[in-house]
Amino acid sequence: MATVIIKRLAKSPFVLITVLVTLAAFFLSPRSPFKSFINYPQQQVQKLFTAEELALYNGTDDTLPILLGILGSVFDVTKGKSHYGVGGGYHHFSGRDASRAFVSGNFTGDGLTDSLHGLSSTEVKSIVEWREFYFRSYTFVGKLVGRYYDSEGNPTKSLKGVEAKAARGTQLLEKQKKEEAKQPGCNSRWSQGEGGEVWCDDGFPRLVQRPLEIALTGKMSKRCACFTEDQLSEPGLEVYEGCDYLSKTCRV
């Protein structure tokens, strides 16, 4: 009987194809007992690093990739070796989690730390955005056990706190944009030969301190806004150094 069936299959290619497709579906089915014998490419296993292990991947050993951490996420930045390798401008980030330095600009000693203690919500938001940049631009390879991930790779309270603070920073910046839109900002320009200047088409330029909870470091802690003459007596308005009280243009 089996011989007869085989002879009929051989004479009918359409039937043979149907049988082969049916068999393939059976073998590839998730319930198939034969599926375990099929070789599939395995997904890359995310590694859990200790600080000591991560330090080995700082670009000083050409046989190893260059890795960096930010908020406990570890990325392979080897393709950016000219920047992250020895002598590169970002080498100080390699082999460690120096999250704080992404906004502090302190690339030495205690500045190269993953502690964000004392940073404003908008500064924390900026660091989270840097982490997003690395997810987009480089290969995520694992997690650093410590402040932001526990020994099983689960997020810690510190990481959840960072995420919440960054979200708060987003809300504050949106609120500040609406507030600043009520008071027109100054015009500005800068050139290497002449330096910078700010001016107002209507009103007089004044420096205004941003709220500390959203202020970024350095010059970004203040903004230039234009005020009418009857507003100049309001508290907190700062005249640019070397600029006349009623000047509409000030050098900066």
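The values are calculated or read from the model by the stated rules, or taken from the named source; none is laboratory data. Values in this document were obtained by computation on a predicted structure and should not be read as measured data. Here the Cβ positions follow ideal geometry from the backbone for every residue, glycine too, while neighbour counts run over all protein chains shown. Please note that ligands, DNA and RNA were not included when accessible areas were found on the heavy atoms of the full protein model with its side chains. Shrake-Rupley method; radii C 1.70, N 1.55, O 1.52, S 1.80 Å.
Other residues within the sphere of radius under 12 Å centred on the Cβ of E197, judged by their own Cβ, net out at +2 (K and R +1, D and E -1). Measuring only protein heavy atoms, the 1.4 Å probe finds E179 accessible over about 90 Å². Restricting to bridges with both residues inside region 36-185, how much of the DSSP beta-bridge set is antiparallel, in percent to the nearest 5? Within region 36-185, antiparallel bridges account for around 65 percent of the total.
The residues neighbouring A55, those whose beta-carbon lies less than 14 Å from its own, together hold a net charge of -4 under the Lys/Arg +1, Asp/Glu -1 convention.
Measuring with a 1.4 angstrom probe and ignoring ligands and nucleic acids, E229 comes out at about 120 Å² accessible. Mean sequence separation of contacting Cα pairs (under 8 Å, at least six apart), scaled by the length of region 120-226, corresponds to a relative contact order of 30 percent.
The label point for W130 and the one for T249, both projected 7 Å from the Cα toward the Cβ, are 3.8 nm apart.
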